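Laboratory data are not the source of any read-out in this text; all were calculated from the coordinates shown. The shown structure was predicted, so the numbers you read here are calculated from the model rather than taken from an experiment. Cβ placement follows ideal geometry from the backbone for every residue including glycine, while neighbour counts extend to all protein chains displayed.
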Amino acid sequence: GLWLTGLARQRLSCDAITQSLTVDAGGIPLRLGRSARVVPPALRRVIDIRDRHCAFAGCSAPAMWCQGHHMTHWEAGGPTDERNLVLACGFHHRAIHERGFTLRWSPDGRQVQTLRPDGSVIEIRESRPVLVPQ
């Protein structure tokens, strides 16, 4: 099968059904992990309407080019719901999972902020309004 790094596996499993199989050096199966939840179509439509494009600061890649990203990853107990999911284009989804960028809700809960690996917020001049789920 295909060998993936842990970070690549996390990125790919954000919006997919996956199940991990851990094997020893000889290829003998040691553990079969639980299946990850896929973003259901109705929920995907909700985040498409809310976000309209990639949530990464300054990106305008349209929803159809994006994947659903769990801000708190599913493997870490993050729920598959509208407050934990945002859209991320492939380029920025890799930046989040493999280069240390983070997406989070702003303190007022009205928009998604992008944080650099050092924790500083990427400021953009114009922010788009976001329909915030209650």
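Using Cα-Cα distances under 8 Å and only pairs 6 or more residues apart, what relative contact order does segment 81-128 have, in percent? Please report the intermediate quantities before stating the final value.
On the way: 36 pairs, mean separation 10.6, N = 48.
Normalised by residue count, the contact order of segment 81-128 is 22 percent.
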| task | With a point put 7 Å past each Cα toward its Cβ, work out how far Ser60 is from Arg116 in nm, to one decimal. | result | 2.4 nm
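Highest first, please rank the peptides 46-53, 82-89, 68-75 by the mean number of other Cβ atoms sitting within 10 Å of their residues.
Details: 46-53: 17.0, 82-89: 21.9, 68-75: 19.5.
Those peptides, ordered most packed to least, come out 82-89, 68-75, 46-53.
I need the calculated FRET efficiency for the pair Leu4 and Arg45, taking r as the beta carbon distance and R₀ as 41 Å, to the nearest 0.05. Display every interim value, and only then the final one.
Working: r = 29 Å, r/R0 = 0.71.
The formula returns an efficiency of 0.90 here.
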| remark: For Asp24 and Arg94, extending 7 Å from Cα along the Cα-Cβ vector and measuring point to point gives, in nm, a value of 3.6 nm
